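Down below is the structure, laid out as structure tokens.
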Amino acid sequence: MLTDKYNLNDIKAAFRAVSWNPFPRYGEDAWKSVGPAIAGGYIEIAEKYLDYQWPPITAEMYLTLRKTGLLKPQWDRYRERRSGLGALALAECLEGGGRFMDQIVNGIISTCEETSWIQPLAMKPFGYDIPDASNHEVDLSSSETASLLAWILYLLGGELDKISLRIRARIRESVAERIILPYLGRDDCWWMGFTGERANNWNPWCNVNVIMCLLLTESEPVTVSRGLYKVFRSLDAYVDAYPADGCCDEGPMYWGAAGGGLFLCLEILREASGGAIDAFGNEKLRLIGQYITKTYIDGNYFVNYADGDAIVELDQVVYRFGKAVGDENMMRLGASAKPAKPAIYDWFKPYRYLKEIFRENPAPTAGYYPLQAWLWKTEVMTAREKENGPEGFFLSAKGGNNLESHNHNDIGNFVVYLNGKPLFIDIGTEEYSVKTFGPERYAIWYIRSDYHNCVQVSGIDQRAGGEFRADGTVCLQNDGLSAVSMELRNAYPAEAGILTWRREAALDRAGKEVRITDSFALDGTREVRRFLITPAKPEVTDGGIRLNAGGEEVFVSLPPGNPAGAATGRPDAAGPGCPNQSAYEIAVEEIPMTESRLRANWGETLYRIVIREEASAGERKMIIRRVVQ
């Protein structure tokens, strides 16, 4: 994508005299034209930090991870120090007058005095020990810290020089020592894409921060060109490994850092080079961008397989990405994004906020609601009952394998929404911990297949690994029907005794229903359990389950099953020995949401519906309809 078009000499020529001035600096008139609602928001946050004491990053903050396995809440202090500093800097630019300058200087020096900028999880190779001065690596936390300081230098460098020339020097020295030199000197960081390990969102996330540090703090052209050429190589490795259908298998939450982060890298490179470096004609890049429209449900809801949240704040990056690749649908969705509001206990991203402050204001839209999509390589289908709005059913289902990025064991999983509200869901994940990325990952309850809308046989769940996969996946989509079917036998270990298990998930627009059909044969009579996860309190009734979603009552009917070889296509067709509704044991388990991240997505309670039977073969259906059509 990049190195096949541009070599090192091209980069040297494009960035020979780097003069990237993307935003007004402190004191320029453009700051005065920012509206009071935006300016007031930053100033209000900054005023809370006028007396901030910059509490230190202690050894205990690192060691607590080893003791408890938990990253929060001790890591909130790390983020608050950076978000507070960023808010002070932008508030000073917006207000002028110097009221926040002393605290900005305190924050800069305090940050540069930290022994290391890497996060506790990055200390895994050292047994989650305390970092020392040798632990300067380019990771998410260190590169975010460096880019924050780089932007403060860009915006306020002249004012900082009036206080002390040593501040500018300290920022440059710290960024060079902790980011630029380690980046140039190492090829063994897994996320760079040079080790054979597949990179994920860390690649564009770290690379975009490196780009900003090079362009904003490095004065030596040779270092800039060397660094950018390595960025080109790293981004190419990332794009080469990206699924050919453009699917972000980490989910829409991570797309902002993955596909969206890739866009930011290319956007900055094009702007800073005066258009000399331009990769936006790449077709795969276009598919990577379109993914976010294909997984959009309504409001802030997106299809959230893997570790991602279901509720994702839509970013204006979607609009700019769409404009860059000439995709009007992305622009329509992106134009519906609301202005970003900085969060204290999250990443503070100056480039994003500055783009919002000085944003191009597209005409607001109602968003973009595609009728259906099929991501053929990753095997994710999305479909809605009606185009151009959230009304009716929305269905997504997935095949793929259990070695995807941020993987959950979830082959054959599906989600159903009604009128833009969740009915049957993918739970997502709790706040990250040591266990999340360690050998016990697949012991975590919400990562297991029995806490997805999946199947269990004889108490045996799916397993992790690329060999556990869907086979023979087929998708059919037309105006009346969207359906995907897949063979699930190889998603389970041999001891499950599955000879065949074919699942079809279908949205029938004419029938105004969603159907989940399981056709299976086992090596004998075994316990079979089918699971449904929902935030809606279910009521088990004769013949099925009642729930409420999107302001409407829904009924999930469980027609009698057909024995092997007796499928007729009629929901009431039952042969000898087939279970009728009363043969199913239906249990409802309440799952209190005691963890903050899950609660933010789903509220106080989820429910797991367990449909149990003893069976050896047959066909089973779940038919989801509105009670009032």
Output ³J(HN,Hα) for region 46-57: one whole-Hz value per residue in order, computed from phi by the Karplus curve 6.51 cos²θ - 1.76 cosθ + 1.60 with θ = phi - 60°, and x for Gly and Pro. 4, 4, 5, 10, 5, 10, 5, 9, 6, x, x, 7
Could you compute the FRET efficiency for residue 4 and residue 542, with r as their C-beta to C-beta distance and R0 at 56 Å, rounded to 0.05? 0.30
If you bin every alpha carbon distance in region 422-502 into 10 Å steps from zero, what whole percent lands in each bin? 15, 39, 33, 12, 1
Cα Rg, Dmax, the chain, angstrom units: 26.3, 90
Cα lying deepest toward the dipole's positive end in the chain, options 540, 357, 477, charges on Cβ: 357
Explain nothing, just compute: Karplus ³J(HN,Hα) = 6.51 cos²θ - 1.76 cosθ + 1.60, θ = phi - 60°, for every residue of region 334-348 in order, whole Hz, x for Gly and Pro. x, 5, 8, 5, 8, x, 6, 10, x, 10, 6, 9, 9, 5, 9
Over its alpha-carbon atoms, region 37-106 yields an Rg and a Dmax in Å of 14.7, 46
Cubic angstrom per residue, convex hull over Cα atoms of region 339-417: 172 Å³
Place the peptides 103-111, 182-190, 449-457, 209-217 in order of packing, highest mean first, counting for every residue the other Cβ atoms within 10 Å and averaging per peptide. 209-217, 449-457, 103-111, 182-190
Radius 9 Å from Cβ of residue 444, net charge of other residues (Lys, Arg +1; Asp, Glu -1): +1
For the peptides 538-544, 81-87, 60-66, what is the packing order when you average, over each peptide's residues, the other Cβ atoms within 10 Å and list the highest mean first? 81-87, 60-66, 538-544
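In debye to the nearest 20, how big a dipole does the chain give about its Cα centre with +1 on each Lys and Arg Cβ and -1 on each Asp and Glu Cβ?
Using Cβ point charges on Lys, Arg, Asp and Glu, the chain gives about 600 debye.
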Short version: ³J(HN,Hα) in whole Hz for each residue of region 486-492, in order, from phi by Karplus 6.51 cos²θ - 1.76 cosθ + 1.60 (θ = phi - 60°), x for Gly and Pro, what are they? 7, 8, 9, 3, 7, 7, 10
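By how many nm would the segment from residue 629 to residue 388 lengthen if fully extended, with 0.36 nm per residue of separation less the alpha-carbon distance?
The span from residue 629 to residue 388 would gain 84.8 nm if fully extended.
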For region 176-288, what D do you get in µm² per second when you plug the Kirkwood radius from alpha-carbon pairs into Stokes-Einstein at 25 °C and 0.890 mPa s? 172 µm²/s
With a cut-off of 13 Å, note down the residues of region 133-149 whose backbone N falls inside the zone around a label point 7 Å from the Cα of residue 432 toward its beta carbon. 139-144
Counting only heavy atoms of the protein chains, get the accessible area per residue of region 147-295 (1.4 Å probe) and round it to a whole Å² value. 31 Å²
Per residue convex hull volume, Cα only, region 1-71, in Å³ is 299 Å³
Could you work out how far apart the two model spin labels at residue 311 and residue 494 are, taking each label as a point 7 Å from the Cα in the direction of the beta carbon, and quote it in nm? 4.7 nm
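Solvent-accessible area per residue for region 392-462 at a 1.4 Å probe radius, Å²?
23 Å²
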What is the percent carbon and sulfur in the accessible area of region 339-488, measuring with a 1.4 Å probe over the protein chains and ignoring ligands? 52 percent
Computed label-point distance, nm, for sites residue 51 and residue 588 using a 7 Å Cα→Cβ extension: 5.2 nm
Among the lysines, which fall within straight-line cross-link reach of residue 349, defined as a Cα-Cα distance under 27 Å, with same-chain neighbours fewer than 8 residues apart omitted? 32, 48, 72, 124, 162, 230, 284, 294, 323, 338, 341
Taking only protein heavy atoms into account and a 1.4 Å probe, give the accessible area per residue of region 94-138 in Å². 41 Å²
Over all pairs of different Cα atoms in region 1-147, the reciprocal of the mean inverse distance gives a Kirkwood radius in Å of 18.1 Å
If the chain between residue 28 and residue 276 were fully extended at 0.36 nm per residue, the gain over the current Cα-Cα distance would be 86.5 nm
Rounded to a whole %, the carbon-and-sulfur portion of the accessible area of region 125-213 at a 1.4 Å probe is 52 percent
Could you compute Rg(Cα) / (2.2 N^0.38 Å) for region 229-281, with N its residue count? 1.18
Kindly rank 378-386, 394-402, 431-439 from highest to lowest mean number of other beta carbons found within 10 Å of each residue. 394-402, 378-386, 431-439
For residue 376 and residue 476, what does the FRET efficiency come to when R0 = 22 Å and r is the distance between their Cβ atoms, rounded to the nearest 0.05? 0.95
Regarding region 242-381, what whole-number volume in Å³ per residue does the convex hull of its Cα atoms give? 111 Å³
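The values are calculated or read from the model by the stated rules, or taken from the named source; none is laboratory data. For clarity, every value in this text was computed on a predicted model and none was experimentally measured. Heads up, the Cβs are rebuilt from the backbone with ideal geometry, glycines too, and the neighbour counts pull from every protein chain shown. SASA here: full protein model, heavy atoms, side chains in, ligands and nucleic acids out. Shrake-Rupley method; radii C 1.70, N 1.55, O 1.52, S 1.80 Å.
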